[in-house]
Amino acid sequence: MADSALETVSPPFMTFRFEVVLDLNEPLPGVPSPVCSAAFAECDGLELSMEPKSLREGGNNTQQIHLRGPVRMGQLTLRRGMTANHGLWLWMQAAVVPGKDRMASGQVTLRGTDGEPALTFKLIDCMPIKMRGPSLNAKDGQVAIEEMQLAYRGLELSPPGSGGLGLSAGIGVQAGASFSAGASFGASASASFQASGGLSVSGGPGLQASASGSASAGFGIG
């Protein structure tokens with residue numbers, strides 16, 4: 001007999017398949033965009049927390065009131081094997097110079113087992129705050145690892161397939177009239193009017209609507 005719990009619970013994502021893209025707000029000589037071609041071995045620090053304000057109500061000794069406090073962002077830590085690409089070091093050196101915008105917008109995409117994007121963390125205004133070189137040891141033949149820490153202003157989670165709202169509309173009008181008269185004191189006239197329009201709205205998954213209509217009229221005298 002099939003287990004109903006296994007049929008309704010989605011399998012969790014794996015942590016070994018991800019991509020970190022950092023695009024500089026302004027071009028920096030010697031630093032490609034995305035930084036280090038989005039090649040990172042470790043990513044940590046996707047964190048969003050809120051510090052509540054606790055209050056006590058007079059006469060109520062068994063409960064505590066919590067109010068919303070300021071939101072606090074974490075610090076993103078990136079690690080990669082050190083290569084001839086010195087983009088992280090050049091970015092850090094340029095970030096300490098005042099008067100320049102050296103921030104970047106970041107995206108951390110987690111991929112499923114099929115390689116398709118499962119979800120994306122969007123980081124707003126990433127600023128490098130720490131750069132660390134590899135630990136060197138002549139006895140061990142390990143890979144040289146460099147590390148960078150970033151502070152970011154905002155963090156958003158974007159599920160796959162999410163899209164904005166689209167709106168389109170159209171209307172058409174057509175009209176015509178004719179008049180003729182002869183010497184035998186006969187006259188004829190005709191007029192016609194026709195209009196049509198349509199409206200469609202589409203958004204993310206499960207949101208789609210459309211409407212259309214038309215009208216016509218005619219008039220004649222003979």
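None of the figures in this text is laboratory data; all of them are computed from the coordinates on show. Predicted model only: the values in this text are computed from it and were never measured. Here Cβ is always computed from backbone atoms with ideal geometry, including for glycine, and neighbour counts include all displayed protein chains.
Data for the structure
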read-out	value
Projected label distance in nm at residue 144 and residue 33, using a 7 Å step from Cα toward the beta-carbon	2.9
Interchain or long-range residues, amide H under 5 Å from residue 80's placed H	41, 146
DSSP-loop trypsin sites (Lys or Arg not before Pro) across the range 11-60, with at most 12 other Cβ within 10 angstrom	56
Potential extension, residue 129-residue 23 segment - 0.36 nm per residue separation minus Cα distance	36.5 nm
Calculated SAXS-style log₁₀ I(q)/I(0) at q = 0.26 Å⁻¹ - the range 17-68, Debye, Cα scatterers	-1.01
Kirkwood Rh and Cα Rg combined as Rg over Rh, evaluated for the range 55-154	1.19
Estimated inter-spin distance, residue 41 and residue 114, nm [label 7 Å along Cα→Cβ]	3.1
Where Rh is the Kirkwood radius over Cα pairs, Rg/Rh for the range 1-128	1.16
Proximal lysines relative to residue 130, as straight alpha-carbon distance under 24 Å, when same-chain residues fewer than 8 apart are discounted	100, 122
Label-point gap, in nm, between residue 56 and residue 9 - each point 7 angstrom along Cα→Cβ	4.2
